[in-house]
């Protein structure tokens, strides 16, 4: 092999090495640039507040399963959309059919805070806090059997009913006919999933519609 061929071979090897080194340097620069952009974006988004009027989480079939809103949309019950008496804001959960099965909301009109759990088309659990501090916890079924307890200005109360008939009431009714506790009565309205929750002694009447905000028990 001549000297000129050896020189060409050496130059070719050096060129390949230089080319490989250049490619490695470019790749490292791209990686460093990408990391810098990612770190800058991460630092710039840390602590930011996302403001929105609503958020809907769907399952793989597109069924709405979690809804956050201010206000929330009207409840979907067994495939039909029903109207609420008034606006509520917060979070609701739904089952695989899209039927509303409970929520954690505030009543935009009466100012009550509510936590509910529902069957399909009827409410069964209610935890309610009124603006004045009156708090009520209630469990009931479709036969009107219920357990109601809570506290208000007059003290704690506990009511137990079987199919609508009182089994145990504490404190007991006063002889004058006035109750010593603020009972909550459910008055069915035109739709079976609509009711009026009434705190009798305080004169407050809070209406709730649909599964989330009340249904006949």
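With each label modelled as a point 7 angstrom along the Cα→C-beta vector, the residue 109-residue 70 pair spans 2.1 nm. For region 44-123, the relative contact order comes to 21 percent (Cα pairs under 8 Å, sequence separation of at least 6). With a Förster radius of 41 Å applied to the beta-carbon distance between residue 151 and residue 83, the computed FRET efficiency rounds to 0.80.
For residue 39 and residue 97, the difference between the fully extended length at 0.36 nm per residue and the C-alpha to C-alpha distance is 16.7 nm.
Computed from label points 7 Å out along Cα-Cβ, the spacing between residue 166 and residue 57 is 4.3 nm.
Rule-based calculations on the coordinates, nothing more; no lab input. What you are looking at is a predicted structure, and each value in this text was computed from that prediction instead of being measured. With ideal geometry, Cβ positions are generated from the backbone for all residues, glycine too; neighbour counts draw on all protein chains shown.
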